[in-house]
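Have a look at the structure below, then the notes.
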Amino acid sequence: MSRENVLVSAAWSEENLEAPGVVFVEVDEDTTAYEGGHIPGAVRIDWKTELQDQVRRDFVDRAGFEALLSAKGISNDDTVILYGGNNNWFAAYAYWYFKLYGHDAVKLLDGGRKKWELDGRPLDKDVVERAATSYSAKDQDLSIRAFRDEVVAAIGTKNLVDVRSPDEFSGKLLAPAHLPQEQAQRGGHIPSAINVPWSKAANEDGTFRSDEELKAIYGDAGLDGSKNTIAYCRIGERSSHTWFALHELLGHEDVKNYDGSWTEYGSLVGVPVELGSGKEG
Amino acid sequence: MSGCGAPDQSVVLEGVDTTTETVLSGKVFAEGAPVGGAYVRLLDSTGEFTAEVVSSPEGDFRFYAAPGDWTIRALHRSGNGQALVSAQGPGVHAVEVAVA
């Protein structure tokens, strides 16, 4: 896997804003960011209302994804460039989601909205309208998505990478310190998980660290390259960022994202939970 | 503790119990004027990333932290800067960060 196949730079993006067959898509949790100014020509996908089923706790199904992309004016032949705030958390989530439904021509804008803004590149508030398409998705590629039973079975056998902050990992907090504390019934982490906060994979401007740095970070943390890996966080967005680093940048073959993450695992009855830093013994 | 390190009591935070919460609250400045849209990063005493917010149009930012020594680093298209804040206990700890 080479970086050029999965990442584009801000400079390349600015030169290709009007390139035929390239669609820029902003994905955010805070959708007011887009309204305050977006990359010229970019359409928006709302992580919460458009990618999640609004009744069941799950993704929109294949037909729902087809309807969404058709309405956004994205066709099967388009190269989709995703970017967003929060160091590309939700853009990485959408990237994984596009892969899940079989859209191969998708890339992340390295550094996302932050890098774009820090570079002083143009943003506008123009309403973007693209002609509707007739998008056709594939069945979900479950080789990149982990469910809870598989996660419980992975304890002590696969690499489990908890990408939350140390205070969430140890059980002190149930959500990042700047967000509302919600949902999981218990704090802690999945036994045998290593803790490598997502932020280790990013430079301060939001771009990904080099392959050499990433290898050292995960190797030093005890990730065993001979084993398969499941990454998780609280709701699956930060772990998409780490999934991207491990699977798309470092080329680890069997890496799954557990999108149920701690909000599911920490509410299950009867599963083992470990507290503390995990380094005591 | 009192004196110059005492939390600024002038900030009113609705719905936040400042007798128990440790709040780091401040503004980002560029050339003497508040700037919005700066990426403000909270780093712990070892320099490890903890959280990030974007400053409001008035330059304001706020973190809910724990007592301890923190670095607040701001990134903006006009430049970067950082400030140290030592929060010795609960309350509102004011901090200003200049970027250049």
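Worth a mention:
- Sequence-distant contacts, meaning Cα pairs under 8 Å at least 6 residues apart, place the relative contact order of chain A at 20 percent.
- Sequence of A:Arg113, A:Arg148 when ordered by accessible area, the most exposed leading, probe 1.4 angstrom: A:Arg148, A:Arg113
- Compared with the dominant Cα axis of chain A, that is its longest principal axis, helix A:211-220 is turned about 20°.
- Greater than 25 Å apart at Cα, pairs in A:Lys72/A:Lys256; A:Lys72/A:Lys138; A:Lys48/A:Lys125; A:Lys48/A:Lys107: A:Lys72/A:Lys256
- Computed Kirkwood radius, in angstrom, where 1/r is averaged over Cα pairs of chain A: 19.2 Å
- Lys/Arg +1, Asp/Glu -1 at C-beta; chain A dipole; positive extreme among A:Val8, A:Ser192, A:Ser136: A:Ser192
- Cα point-scatterer Debye curve for region A:107-262, base-10 log of I(q)/I(0) at q = 0.09, 0.16, 0.19 Å⁻¹: -0.35, -0.96, -1.20
- Carbon plus sulfur fraction of accessible area for the protein assembly as shown, probe 1.4 Å, in percent: 48 percent
- Taken over chain B, the ratio of Cα radius of gyration to 2.2 N^0.38 Å equals 1.01.
- Across all C-alpha atoms in region A:20-146, the radius of gyration and Dmax reach 14.0, 41 Å.
- Between A and B, buried accessible area from a 1.4 angstrom probe totals roughly 1200 Å², ignoring ligands, DNA and RNA.
- Solvent-accessible heavy-atom area per residue, rounded to whole Å², over region A:3-140 at 1.4 Å: 43 Å²
- The residues of region A:111-130 occluded by other protein chains by 20 Å² or more of accessible area, set against the chain on its own, are A:Lys114, A:Glu117, A:Leu118; surface from heavy atoms, 1.4 Å probe.
- Using the Cβ of A:Lys138 as centre and a radius below 11 Å, the other residues enclosed give a net charge of -2, where K and R count +1 and D and E count -1.
- √(5λ) per eigenvalue of the Cα gyration tensor, region A:100-176, largest first, Å: 34, 25, 12
- Net +/- balance of residues flanking A:Trp96 in space, Cβ distance below 14 Å, scoring K and R +1, D and E -1: 0
- Bridging of A:Lys172 to aspartates and glutamates at a Cα separation below 15 Å is possible for A:Asp162, A:Glu182, A:Glu274, B:Glu21, once same-chain residues fewer than 8 apart are set aside.
- Taken about its Cα centre, the protein assembly as shown carries a charge dipole of about 500 debye when Lys and Arg each add +1 at the Cβ and Asp and Glu each add -1 at the Cβ.
- Neighbour net charge for B:Trp70 - beta-carbon separation under 15 angstrom, K R +1, D E -1: -4
- Charge dipole magnitude, Cβ of K and R +1, D and E -1 - region B:22-99, Cα centre, debye nearest 20: 100 debye
- Burial here means at least 50 square angstrom less accessible surface with every protein chain in place than with the chain by itself, probed at 1.4 Å; in region A:187-210 the buried residues are A:Glu204.
- Listed by chain and number, the aspartates and glutamates whose C-alpha is less than 12 Å from the C-alpha of B:Lys27, apart from same-chain residues fewer than 8 away, are B:Glu58, B:Asp60, B:Glu96.
- Helix A:62-72 vs. chain A, principal-axis angle (Cα, 0 to 90°, nearest 10): 40 degrees
- Here the label points at A:Leu123 and A:Val152, each 7 Å from Cα along the C-beta direction, are separated by 4.5 nm in the simple model.
The values are calculated or read from the model by the stated rules, or taken from the named source; none is laboratory data. Just so you know, these numbers come straight off a predicted model, no measurement behind them. Neighbour counts are summed over all protein chains in view; Cβ atoms, including those assigned to glycine, are modelled from backbone coordinates with ideal geometry. When the accessible area is computed, the model is the full protein with side chains, heavy atoms only, and any ligands, DNA or RNA have been set aside. Shrake-Rupley method; radii C 1.70, N 1.55, O 1.52, S 1.80 Å.
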